[in-house]
Amino acid sequence: MTALIEIERLTKRFGAFTAVDDVTFSVARGEVLGFLGPNGAGKSTTMRMLAGFMTPTSGTARICGEDVVDRPVPAKRHLGFLPEGAPTYPEMTVTGFLQFCGRARGFHGSALGDRVAHAMAMTQLEGVRLQPVETLSKGFKRRVGLAAALLHDPAVLVLDEPTDGLDPNQKHEVRNLILSMAPTKAIVISTHILEEVAAVCTRAVVIARGRVVADATPAELAAKGPSMDAVFRALTMPESEAA
Amino acid sequence: MGGMVTVFRRELAGYFATPVAYVFIVIFLVMAGALTFTLGNFFARGQADLQPFFTFVPWLFLFLVPALTMRLWAEERRLGTIELLLTLPLAQWEAVVGKFLAAWAFCAIALALTFPLVITVNLLGNPDNGVILTGYLGCLMVAGAFLAVGAAISALTKNQVIAFVLAVAACFFLTAAGSPVVTEFLSQRIPQLADLARAISITERLGGFTRGVISARDVVFFASFMAFFLFANTIAIDQRKAD
């Protein structure tokens, strides 16, 4: 099994503050990696570096063997990225926005139409296809962002809090969607919802204060303590507070 | 190149999807017309040309163009869409140039809509339409120069007000440097600076175009001016995209 995502000794400093400190992991095809940690632990920063949006202070990140710093465009072709908060252009319609993303990825004509239709079908957006994004509810906006990330059927999916703001039914649907795609892709999802890890992830990486504190299957992680919550707290709280 | 065209299309459509386009064009046309016929003494001059109009265009662009450019990158930062745009498989210059060309095309549309002025002078007399054409070309060059400066400034800040004020100041500097008040003041006191002020002045360069002269020096000046600030814009985005 070859790793589609390879992160080696990735570090990001902002002035004196180290947001991500020497993070190393890799994700192979068929794996769904849950990237766990409290708010401010460095999850989004790591994902932004992996997506080529932030430049690492040191270390490397590769997507399908392409270095995100040295060969950004080829690396980004293999990547579907849902940024934190699922940003979209508010004045565009759902179809217009997805067509823009498709064109930027080199699709034209009927291929573009098919891609957009397929992405909207997977995320159940057909009902709002001609609505401007700004008129949609939070759940729909998130699904628009998800559709944009899935549009080109990428080998690597990096989703920053994909189910944040969704209702329980929508969360269930998104998790099923992730599970259905899992066998053919390498997927990283960041979350602070522990049940999500047990539901969809094959592996969990826990990060706290910029450092990886655990890398195990959800079952192994749960076995370390009385409950997943307790394990999470023990791993991520500073020693002084954990007691 | 494909990515640049995609960004260009989205941006240009974006102007017309919001009230920005209509407010900009209406205010520009009203003010251009009003200034030409009142302060410009259009009728009293007794000459069938568009000299008065061309004199006022830089002063109108001075605050209207920064109103366009202030949102170019600042808005992307505020909405978080910069993260989406820059993780699409586009080179960064494609996003920068695509945005610039869309704003430039938009200014060209606004300028083209002043065509009733051309009809008016043709009905009233026998103007040299070649001179009018080069005058318009000069105005387009001024718009391009202001846009390039404004876009680069917008790339440096998240705050649209700061982007606007700094861009107005920069454009004012470029416009006023060649005005008689400044050059006379400088030539009496610091003659060396007077030549420099004339050399960087946008109005001085526009003067050639409005007299019907397209000199290689002026074209090279505008082209290199725009190229420099687009380059600076690309660097600024690369360095500060995640801030």
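The values are calculated or read from the model by the stated rules, or taken from the named source; none is laboratory data. Predicted model, so just to flag it, every value in this text is computed and none were measured. Cβ placement follows ideal geometry from the backbone for every residue including glycine, while neighbour counts extend to all protein chains displayed.
Residue-wise test of (1) assigned to a helix (DSSP H, G or I); (2) surrounded by fewer than 18 Cβ atoms within 10 Å (Cβ to Cβ).
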| residue | (1), (2) |
| --- | --- |
| B:Q47 | no, yes |
| B:P52 | yes, no |
| B:P66 | yes, no |
| B:L84 | yes, no |
| B:L90 | no, no |
| B:V121 | yes, no |
| B:G138 | yes, no |
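Name the residue that is nearest to the chain's Cα centre (by Cα), counting only residues in the range B:141-181 that are assigned to a helix (DSSP H, G or I) and surrounded by fewer than 18 Cβ atoms within 10 Å (Cβ to Cβ). Walk me through how you get there before you give the answer.
Pass one, the range B:141-181, residues assigned to a helix (DSSP H, G or I): B:141-154, B:160-176, B:180-181.
Now restrict to residues that are surrounded by fewer than 18 Cβ atoms within 10 Å (Cβ to Cβ): B:161-162, B:165, B:169, B:172-173, B:180-181.
On the way: B:V161: 18, B:I162: 18, B:V165: 15, B:A169: 14, B:F172: 12, B:F173: 14, B:P180: 21, B:V181: 22 Å.
Only one residue fits best here, namely B:F172.
One residue is enough: does the range B:85-108 have a residue meeting the conditions free of Cβ contacts under 8 Å to residues at least 24 places away in the same chain and closer than 26 Å to A:A149 by Cα? Give the steps one after another, and end with the answer.
So the first thing to find is which residues in the range B:85-108 are free of Cβ contacts under 8 Å to residues at least 24 places away in the same chain, and the list is B:87.
Applying the additional criterion that residues be closer than 26 Å to A:A149 by Cα yields B:87.
There is at least one residue in the range B:85-108 that is free of Cβ contacts under 8 Å to residues at least 24 places away in the same chain and closer than 26 Å to A:A149 by Cα.
Tell me yes or no: at least one residue of the range A:202-212 is assigned to a helix (DSSP H, G or I), modelled with pLDDT of 85 or more, surrounded by 15 or more Cβ atoms within 10 Å (Cβ to Cβ) and in the same structural domain as A:F14 (by TED's automatic domain parsing). Walk me through how you get there before you give the answer.
Applying the first criterion (assigned to a helix (DSSP H, G or I)) to the range A:202-212 yields none.
For the range A:202-212, residues assigned to a helix (DSSP H, G or I), modelled with pLDDT of 85 or more, surrounded by 15 or more Cβ atoms within 10 Å (Cβ to Cβ) and in the same structural domain as A:F14 (by TED's automatic domain parsing): absent.
Can we say A:A75 is among the small types (G, A, S) and either within 15 Å of B:T87 (Cα to Cα) or not in a strand (DSSP E or B) (or both)?
Working: among the small types (G, A, S): yes; either within 15 Å of B:T87 (Cα to Cα) or not in a strand (DSSP E or B) (or both): yes.
It is true that A:A75 is among the small types (G, A, S) and either within 15 Å of B:T87 (Cα to Cα) or not in a strand (DSSP E or B) (or both).
When the residues of the range B:200-237 are narrowed to those that are more than 15 Å from the chain's Cα centre (by Cα) and loosely packed, with under 13 Cβ neighbours inside 10 Å, which ends up modelled with the highest pLDDT?
B:V220
For B:R71, are the conditions met, namely being within 14 Å of chain A (Cβ to nearest Cβ) and outside any helix (DSSP H, G or I)?
Values: within 14 Å of chain A (Cβ to nearest Cβ): yes; outside any helix (DSSP H, G or I): yes.
Yes.
Give all pairs with beta carbons closer than 6 Å in which a residue from the range B:133-145 that is among the hydroxyl-bearing types (S, T, Y) meets a residue that is buried (at least 24 other Cβ atoms within 10 Å of the Cβ); count only pairs at least 6 apart in sequence or on separate chains.
Between residues of the range B:133-145 that are among the hydroxyl-bearing types (S, T, Y) and residues that are buried (at least 24 other Cβ atoms within 10 Å of the Cβ), the close pairs are B:T134/B:F209.
Which ones in the range A:147-180 are away from chain B (no Cβ under 12 Å), under 15 Å from the mean Cα position of the chain (by Cα) and in a helix (DSSP H, G or I)?
Residues satisfying the conditions are A:A147, A:L150, A:K171, A:V174, A:R175, A:L177, A:I178, A:L179.
Could you grab the pairs with beta carbons closer than 6 Å, sequence gap of 6+ or different chains, first residue in the range A:181-198 and assigned to a helix (DSSP H, G or I), second one surrounded by fewer than 19 Cβ atoms within 10 Å (Cβ to Cβ) and at pLDDT 85 or above?
Taking only residues 6 or more apart or on different chains, the pairs are A:P183/A:G30.
Since B:F100 meets every condition but one in (1) away from chain A (no Cβ under 14 Å); (2) closer than 30 Å to A:R142 by Cα; (3) surrounded by fewer than 20 Cβ atoms within 10 Å (Cβ to Cβ), which condition does it not meet?
(3)
One line per residue, one yes/no per condition, for (1) farther than 26 Å from A:M49 by Cα; (2) outside the structural domain of A:T46 (by TED's automatic domain parsing); (3) crowded, with 20+ Cβ neighbours inside 10 Å:
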site	(1), (2), (3)
A:V94	yes, yes, yes
A:F97	no, yes, yes
A:R105	no, yes, yes
A:H108	yes, yes, no
A:R129	yes, yes, no
A:T135	yes, yes, no
A:R142	no, yes, yes
A:G145	no, yes, yes
A:A148	no, yes, yes
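Can you name every residue in the range A:213-236 that is exposed (fewer than 15 other Cβ atoms within 10 Å of the Cβ), modelled with pLDDT of 85 or more and among the acidic types (D, E)?
Selection gives A:E220 alone.
Looking only at residues in the range A:50-81 that are within 9 Å of another protein chain (Cβ to nearest Cβ) and among the aliphatic types (A, V, I, L, M), which one is surrounded by the fewest Cβ atoms within 10 Å (Cβ to Cβ)?
Taking the candidates together, the pick is A:V73.
Starting from residues that are in contact with a helix residue (DSSP H, G or I) (Cβ under 8 Å, 6 or more places away or on another chain) and polar (S, T, N, Q), keep the ones in the range B:1-36 and report whichever is farthest from the other protein chains (Cβ to nearest Cβ).
Only one residue fits best here, namely B:T36.
Only one of B:F185, B:F209, B:F229 is assigned to a helix (DSSP H, G or I) and closer than 18 Å to B:P66 by Cα; which?
Working: B:F185 fails: closer than 18 Å to B:P66 by Cα; B:F209 fails: closer than 18 Å to B:P66 by Cα.
One residue alone meets the criteria, B:F229.
Could you check the range A:82-99 and list, in sequence order, the residues that are in contact with a helix residue (DSSP H, G or I) (Cβ under 6 Å, 6 or more places away or on another chain) and part of a strand (DSSP E or B)?
Of everything in the range A:82-99, just one residue is in contact with a helix residue (DSSP H, G or I) (Cβ under 6 Å, 6 or more places away or on another chain) and part of a strand (DSSP E or B), namely A:L82.
Could you go through the range A:169-188 and let me know if any residue there is crowded, with 18+ Cβ neighbours inside 10 Å, among the hydrophobic types (A, V, I, L, M, F, W, C), more than 22 Å from A:R29 (Cα to Cα) and at pLDDT below 90.
no
Could you tell me which residue of the range A:100-129 is nearest to B:V5 (Cα to Cα), considering only residues that are more than 13 Å from chain B (Cβ to nearest Cβ) and part of a loop (DSSP other than H, G, I, E, B)?
Filtering first and then ranking leaves A:R129.
Just to be sure, is B:R240 within 14 Å of chain A (Cβ to nearest Cβ) and modelled with pLDDT under 85?
Numbers: within 14 Å of chain A (Cβ to nearest Cβ): yes; modelled with pLDDT under 85: yes.
The answer is yes for B:R240.
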